[in-house]
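Student: Before I ask anything, let me first share the structure, which is written out below as structure tokens.
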């Protein structure tokens, strides 16, 4: 079996992590905004050999379900929320190797601001920063930035492609050795090694140059999670790591093959695009105990139909409270998150809305002892052909320990994940195998 990469997805972003609170909620309930919660998580992940921790984000208060923000506010569902970029230096300062990734929107971050921010963070983190690029899907976000509506879905990816080219042009305005600090010559920066970008496109214009020198990586690691055709093409062209959802190993391999073809078409080496598939392992000392816990969690999830409907409404921008729960869901069209919407709205059988809301997540079920789950993950990655898994679970110390000290240790014993970090920067470690 070959080695693979691990990441952790803070899927709610920096928002209430344990609401409604369970018996092991801990700091995730009362002090979810405290950086120490995420510093502790990153430190545990680093001990286990994870490549990175990625933090979701959004810049609006959801109000689509039921036509108001009542559900989202009262249930602490993705609101309130802190800006993850501000937390990266604090997390990096208390760790030494793990990559730290914050979500940044190409629709509302001007290229110069993003390029300068990314370079500054690259210096502060000693080459361990990443940007998860999103195009933003909600009209409320657009309205927060003075626009009435979002651009059409695929048009947003056309804009994102240009955004990346503009930011890259700015990152290229300084040669790596531009800063000479030559005391004898009295020269700090060699003027011949700094130039304007003079980028002009359909959506963005930026003169440059940046007013800061290149960071250790020259640009942050680029992460991306689009699952639509436009999103996959964008990720294959620009991302260093892609987050993907797939229900089983066959689906994972098809996705890996598709990204390989798209990367080749974009003139890239497919091995430079690391795909991590979302999973939520349930591990326990005894397989029966893990099975019971997984079944109990599934029962709770299926019983909370309203939470599922509110989540579906958030993703799609469609108010699912208006539909009959026990009638087949009609065809759904959206300008929001198309791939995520398609995952629950497009099915070969005429499922009712209630049945759709009660379905399990579209990811492999990994349930058992740490060693049993580790073996299954290794076999799965060998079948898929790479590149690893993104753990999506609660930010609670018990679960974190089960994954990092239990599953992580079992994976390391089998030689499936790293036993230390070979390189100083995030990108170098990501590309190490």
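Student: Specify which of the listed residues (114, 102, 96) is within 17 Å of the chain's Cα centre (by Cα) and not assigned by TED's automatic domain parsing to the domain that holds residue 309. Explain how you work it out, then say what you get.
Tutor: Details: 114 fails: within 17 Å of the chain's Cα centre (by Cα); 96 fails: within 17 Å of the chain's Cα centre (by Cα).
Criteria check complete, one pass: 102.
Student: I've got another one for you. Quick check on residue 246: is it closer than 23 Å to residue 395 by Cα and outside the structural domain of residue 20 (by TED's automatic domain parsing)? Talk me through it step by step, then tell me what you get.
Tutor: Details: closer than 23 Å to residue 395 by Cα: yes; outside the structural domain of residue 20 (by TED's automatic domain parsing): no.
Against the criterion (closer than 23 Å to residue 395 by Cα and outside the structural domain of residue 20 (by TED's automatic domain parsing)), residue 246 does not qualify.
Student: Sticking with this one: So which residues in segment 262-286 are in a helix (DSSP H, G or I) and either surrounded by 15 or more Cβ atoms within 10 Å (Cβ to Cβ) or at pLDDT below 95 (or both)?
Tutor: Correct list: 262, 263, 270.
Student: Moving on to the next point. Name the residues in segment 170-199 that are out of contact with any helix residue (DSSP H, G or I) (no Cβ under 8 Å at 6 or more places or on another chain), assigned to a helix (DSSP H, G or I) and surrounded by 12 or more Cβ atoms within 10 Å (Cβ to Cβ), would you?
Tutor: 193
Student: Residue by residue through segment 228-237, note down the ones that are touching a helix residue (DSSP H, G or I) at 6+ places or on another chain (Cβ under 6 Å), crowded, with 22+ Cβ neighbours inside 10 Å and in contact (Cβ under 8 Å) with a residue 40 or more places away in the chain.
Tutor: Once the filter is applied, which keeps residues that are touching a helix residue (DSSP H, G or I) at 6+ places or on another chain (Cβ under 6 Å), crowded, with 22+ Cβ neighbours inside 10 Å and in contact (Cβ under 8 Å) with a residue 40 or more places away in the chain, segment 228-237 yields only 234.
Student: Here's another thing I want to ask about it. Out of the helices (runs of 4 or more DSSP H) lying entirely within segment 389-433, which hold 2 or more residues that are over 21 Å from the mean Cα position of the chain (by Cα) and free of Cβ contacts under 8 Å to residues at least 12 places away in the same chain?
Tutor: Values: elements: 397-401, 408-413, 426-430.
Of the helices (runs of 4 or more DSSP H) lying wholly inside segment 389-433, none has at least 2 residues that are over 21 Å from the mean Cα position of the chain (by Cα) and free of Cβ contacts under 8 Å to residues at least 12 places away in the same chain.
Student: Working only within segment 383-400, note down all residues that are modelled with pLDDT of 95 or more and on the phi > 0 side of the Ramachandran plot.
Tutor: Across segment 383-400, the qualifying residue is only 388.
Student: Take residue 376 and decide whether it is closer than 17 Å to residue 45 by Cα and either surrounded by fewer than 17 Cβ atoms within 10 Å (Cβ to Cβ) or in the same structural domain as residue 38 (by TED's automatic domain parsing) (or both). Steps first, answer last, please.
Tutor: Values: closer than 17 Å to residue 45 by Cα: no; either surrounded by fewer than 17 Cβ atoms within 10 Å (Cβ to Cβ) or in the same structural domain as residue 38 (by TED's automatic domain parsing) (or both): yes.
Spelling it out, it is not the case that residue 376 is closer than 17 Å to residue 45 by Cα and either surrounded by fewer than 17 Cβ atoms within 10 Å (Cβ to Cβ) or in the same structural domain as residue 38 (by TED's automatic domain parsing) (or both).
Student: Filter segment 1-31 for residues that are in contact with a strand residue (DSSP E or B) (Cβ under 7 Å, 6 or more places away or on another chain) and either farther than 26 Å from residue 134 by Cα or in a loop (DSSP other than H, G, I, E, B) (or both) and give the result. Give the derivation first.
Tutor: So in segment 1-31, the residues in contact with a strand residue (DSSP E or B) (Cβ under 7 Å, 6 or more places away or on another chain) come out as 4-10, 13-14.
Scanning segment 1-31 gives 4, 13.
Student: Residue 256 is checked against (1) surrounded by fewer than 19 Cβ atoms within 10 Å (Cβ to Cβ); (2) within 20 Å of the chain's Cα centre (by Cα); (3) under 17 Å from residue 389 (Cα atoms) and fails just one. What number does that condition carry?
Tutor: Of everything listed in (1) surrounded by fewer than 19 Cβ atoms within 10 Å (Cβ to Cβ); (2) within 20 Å of the chain's Cα centre (by Cα); (3) under 17 Å from residue 389 (Cα atoms), residue 256 misses just condition (1).
Student: Are any residues in segment 38-69 out of contact with any strand residue (DSSP E or B) (no Cβ under 9 Å at 6 or more places or on another chain), in contact (Cβ under 8 Å) with a residue 60 or more places away in the chain and over 14 Å from residue 99 (Cα atoms), and if so, which ones?
Tutor: 40, 60, 61, 62, 63, 64, 65, 66, 67, listed by residue number.
Student: Can you name the residue in segment 354-380 that is assigned to a helix (DSSP H, G or I) and out of contact with any helix residue (DSSP H, G or I) (no Cβ under 9 Å at 6 or more places or on another chain) and is also modelled with the highest pLDDT among such residues?
Tutor: Of the residues in segment 354-380, the ones assigned to a helix (DSSP H, G or I) are 354-357, 370-380.
Narrowing further to those that are out of contact with any helix residue (DSSP H, G or I) (no Cβ under 9 Å at 6 or more places or on another chain): 355, 376.
Values: 355: 90, 376: 98.
Looking at residues that are assigned to a helix (DSSP H, G or I) and out of contact with any helix residue (DSSP H, G or I) (no Cβ under 9 Å at 6 or more places or on another chain), I get 376.
Student: Checking residue 355 against (1) closer than 25 Å to residue 130 by Cα; (2) free of Cβ contacts under 8 Å to residues at least 12 places away in the same chain, which single condition isn't satisfied?
Tutor: Of the numbered conditions (1) closer than 25 Å to residue 130 by Cα; (2) free of Cβ contacts under 8 Å to residues at least 12 places away in the same chain, the odd one out for residue 355 is (1).
Yes/no matrix, rows are residues, columns are (1) in contact with a helix residue (DSSP H, G or I) (Cβ under 8 Å, 6 or more places away or on another chain); (2) crowded, with 22+ Cβ neighbours inside 10 Å; (3) touching a residue at least 60 places away in the same chain (Cβ under 8 Å):
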residue: 82; (1), (2), (3): no, no, yes
residue: 91; (1), (2), (3): yes, yes, no
residue: 103; (1), (2), (3): yes, yes, yes
residue: 106; (1), (2), (3): yes, yes, no
residue: 117; (1), (2), (3): yes, no, no
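Student: When you go through 242, 259 one by one, which is the residue that is touching a strand residue (DSSP E or B) at 6+ places or on another chain (Cβ under 7 Å), closer than 22 Å to residue 383 by Cβ and not in a helix (DSSP H, G or I)?
Tutor: Working: 259 fails: not in a helix (DSSP H, G or I).
Just a single option satisfies the conditions, and that option is 242.
The values are calculated or read from the model by the stated rules, or taken from the named source; none is laboratory data. The structure displayed is predicted, hence computed values, not measured ones. Note that each Cβ is placed from the backbone with ideal geometry, even for glycine, and that neighbours are counted across all protein chains shown.
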